[in-house]
Amino acid sequence: MAYTSLHYLLHSGKTPNWIYYLREGASSLIPNALRRWQLPHDLEYGLQHYNEDYINDRVNYYCKLQENTTYPLTGSPSRIGDLRKRGNGSTYFFDARHTLCYFDPDLRWQYLFGDVRDIPDSPTIVKSRSLGDNSNSVLLKLDANRHYIYVNDHIDIADKEDRAIYRGQIGTRENRKLFVAMYGNHPRVNAGNTLAKGGIMATNPDGNATVPRISLYDHLHYRFIMCLEGNDVASNLKWVMSSNSLAVMPRPTCETWFMEGRLQPGVHYVEIRDDFADLIEKMDYYSTHLNEARQIVENAHRWVSQFRDNRRERYIQQLVMQKYFELCR
């Protein structure tokens, strides 16, 4: 079904930006001094109510800096109290502020907002990092309004169309170019390059054919949903794993707060080759082994569920930043 831009804006399945900014504006009215007073109570509550091993495992995964070691902040670290919205992107500013407001504004840090793959020279707060030797990249849950979207999917995987769907902006991303070139006209795949940024009626300057964006819920009629990395992670992976469709992708090369690096192929998602050549083979397999497909969907749901406890997520972020401030100077 083709969608006009206005229809997409009203029915995309994503949280409208105006709701996000209204909520953040209301939250900003609470004085930071009150938040700092609240921190010890939050930490005590977390100790009493959450599994300590689970919490420590996640904290140490996000912040891999070793205890009893001091890490110098090279370059020009700044006071957390000096963080301003201007020049930092509104969503990154608000999401960072959610955690920073609990700490002394004179504490110093380094941060890189945006889609980050390069590993910095000293410990730095980031939204995303490459997999591998990435201990200087300390993850925080940033750009959450765009990335942390979930859906309610009531369609059993057996009742979904036995096809794969991909919608995304190609731009200069070679993996996405390759996928659309290979499967753009394939009868088992609905693949399309969506409208570029720059206005709801913009066109892509690279000359690639475009298709209108469709809502998240229209994706759910397909048994397989492609999750292809862009500047960093595949931003649709979170909501796809909350659906009853199978997430299909090559093995991740970077990760965010969602811990993509810990996802297991054949357990949480369907892994395909980097060149996408085995896509149809994998689709045929899981369409004839629906019980295995359902198990992957159930595993994906369990993975997603750990990020939906907002109070526990706040507690983990507080501990990540507490560890960062204690070890970095």
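Read the figures in this text as sums done on the coordinates, not as results from a lab. Since the structure is predicted, the reported quantities are computational estimates derived from the model, not experimental observations. No Cβ is skipped: glycine too gets one built from the backbone with ideal geometry, and neighbour counts run over all protein chains shown.
Converting phi to 3J(HN,Hα) with the Karplus coefficients 6.51, -1.76 and 1.60 and the offset θ = phi - 60°, region 41-54 yields 5, 5, 5, 5, 4, x, 4, 7, 10, 10, 5, 5, 5, 4 Hz in sequence order, with x at every glycine or proline. All distinct Cα pairs of region 199-315 go into the 1/r average, and the inverse of that average, the Kirkwood radius, is 15.6 Å. The amide H of C328, built 1.01 Å from its N in the peptide plane, has Y71 as neighbours under 5 Å, considering only residues 5 or more places off or on other chains. Since only N291, I280, L220 are under comparison, the one whose Cα sits farthest along the positive direction of the charge dipole of region 157-305, derived from C-beta charges on Lys, Arg, Asp and Glu, is L220. Take the cross-link list K64/K177; K85/K323; K85/K127; K141/K323; K127/K177 and give me the ones stretching past 27 Å between alpha-carbons. Pairs exceeding 27 Å: K64/K177. For region 157-305, a simple Cβ point-charge model (Lys and Arg +1, Asp and Glu -1, everything else neutral) yields a dipole of about 320 debye relative to the Cα centre. Annotation: the antiparallel percentage among DSSP beta bridges lying fully within the chain is about 15. The magnitude of the dipole of the chain, with charges of +1 and -1 set on the Cβ of Lys/Arg and Asp/Glu and taken from the Cα centre, is near 980 debye. For region 257-268, putting each phi into the Karplus relation 6.51 cos²θ - 1.76 cosθ + 1.60 with θ = phi - 60° gives couplings of 4, 6, 6, 4, x, 9, 5, 10, x, x, 10, 10 Hz, in residue order, rounded to whole numbers and with x for Gly and Pro. Other residues within the sphere of radius under 15 Å centred on the Cβ of W37, judged by their own Cβ, net out at -1 (K and R +1, D and E -1).
Across region 154-166, computed HN-Hα scalar couplings (Karplus, 6.51 cos²θ - 1.76 cosθ + 1.60, θ = phi - 60°) run 9, 9, 5, 4, 5, 8, 8, 5, 7, 9, 10, 10, 9 Hz from first to last residue, x flagging Gly and Pro. Where does the charge balance sit around E24 when Lys and Arg score +1, Asp and Glu -1, over other residues with C-beta under 11 Å from its C-beta? Residues near E24 contribute +2 overall.
Less than 5 angstrom separates the built amide H of I165 from those of N190, F224, I225, M226, all sequence-distant by 5 or more or on a different chain.
Taking the Kirkwood radius as Rh and the Cα radius of gyration as Rg, the chain has a ratio of Rg/Rh equal to 0.98.
The length gained on full extension between Y54 and Q38, counted as 0.36 nm times the residue separation minus their Cα-Cα distance, comes to 3.5 nm. Taking the alpha-carbon distance from K160 and a cut-off under 15 Å, which aspartates and glutamates remain once sequence neighbours fewer than 8 residues away in the same chain are dropped? Within the straight-line cut-off, K160 pairs with D218, D284.
Computed per residue of the chain from DSSP H runs no shorter than four, each worth -39500 (n - 2.57), the mean residue ellipticity at 222 nm is -11000 deg cm²/dmol. Shape annotation for region 57-164: C-alpha extents along the principal axes are 55, 31, 23 Å, from largest to smallest.
Look at where the Cα atoms of region 143-177 and of region 67-120 average out, and the two centres are 31 Å apart.
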